[in-house]
Amino acid sequence: MRVFSRLAACAVTVAGLLAGAGTAFAGLGYPSPWEIGLQQPGSPVQTDIIWFNDLLLWIIGGIVLLVFVLLAIIIVRFNARANPIPSRTTHNTPLEVMWTIVPVIILVTIAVPSFRLLFLQVDGPKPDITVKATGHQWYWSYSYPDNGNFEFDSLIVADKDLKPGQPRLLTADNDMVVPVNKVVRVLVTGADVIHSFAVPSFGIKIDAIPGRLNETWFNATRVGMYYGQCSQLCGKDHAFMPIGVRVVSQSDFVAWIGTAKKKYASEGGASPNALAAAETPAQ
């Protein structure tokens, strides 16, 4: 049995190293090369998602390890050579009670934080700002009904136009801009087909359905750029619908609002390339 105990210890060590590596490789606001974990949290919801994910990992790992040890014991102690006279036992009341109660305890342990996280995602706090995101084939448009009700389009930046540090397929020409440490309510809908608005570091993902207004929320806790994509197969340019959320200080947000009102009112709410992007696939 010493061999199996050593194998179990090695398995636990490897699991710990993988968990640590996932944290190290995961980026904030964008995917990282060789990433094996969830993106770093940029909101309280994503923090809870990562905690719940780690909890499930430990529970699943413990179950797999237990089954592995039990199988090893059965193979070693109860094969025909080691146990030529098999047991005739048909019932074991303490064992049957245990394997009924323990799974129930595990399910309750999973259910309680699961429902808590679900309600947190659906029933958010009172919003400080509202942004409406509309999915088009194949770009996003954003409007700010609480701040002048202006609207603008957000299109992918072609590879040849990317600047140093801008990620490919995730960079948009006009980002959604929101203030840090404020509750942002996002109203999501679709203009043509079903899209999906998703930003992993905020822990949000919700469908944009034509004729229906869905709602999600986030509270960005750190200034910076956060990237997402359309996460619903919506047509030939589905892969070219990036989402860029720029989180700034409250003073910078107020200044941006003043500039945006003038800029997008004069442009009629649309970026110059909107029609071309809808007709020409991104490269």
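A few notes on this one:
- Residue that is surrounded by fewer than 20 Cβ atoms within 10 Å (Cβ to Cβ), over 24 Å from Gln46 (Cβ atoms) and outside the structural domain of Gln40 (by TED's automatic domain parsing), where the choices are Asp159, Asp207: Asp159
- Residue match in segment 108-118 (condition: out of contact with any Asp or Glu (no Cβ under 8 Å at 6 or more places or on another chain), within 22 Å of Ser196 (Cα to Cα) and of a type outside the set (Gly, Ala, Ser)): yes
- Test result for Gly27, under 30 Å from Pro125 (Cα atoms), of a type outside the set (Asp, Glu) and assigned by TED's automatic domain parsing to the domain that holds Pro113: yes
Rundown of residues vs (1) of a type outside the set (A, V, I, L, M); (2) in a helix (DSSP H, G or I); (3) at pLDDT 90 or above, yes/no style:
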| residue | (1), (2), (3) |
| --- | --- |
| Asp207 | yes, no, yes |
| Leu233 | no, no, yes |
| Ala239 | no, yes, yes |
| Val245 | no, no, yes |
| Asp252 | yes, yes, yes |
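- Test result for Thr47, within 30 Å of Val247 (Cβ to Cβ), in a helix (DSSP H, G or I), under 17 Å from the mean Cα position of the chain (by Cα) and at pLDDT below 85: no
- For segment 210-241, filtering for residues that are crowded, with 22+ Cβ neighbours inside 10 Å and either assigned by TED's automatic domain parsing to the domain that holds Leu117 or touching a His at 6+ places or on another chain (Cβ under 6 Å) (or both) leaves 1.
The values are calculated or read from the model by the stated rules, or taken from the named source; none is laboratory data. Predicted, not measured: the structure shown is a model, and the values here were computed from it. Counting neighbours? That spans all protein chains shown, and the Cβs are built from the backbone with ideal geometry, glycine included.
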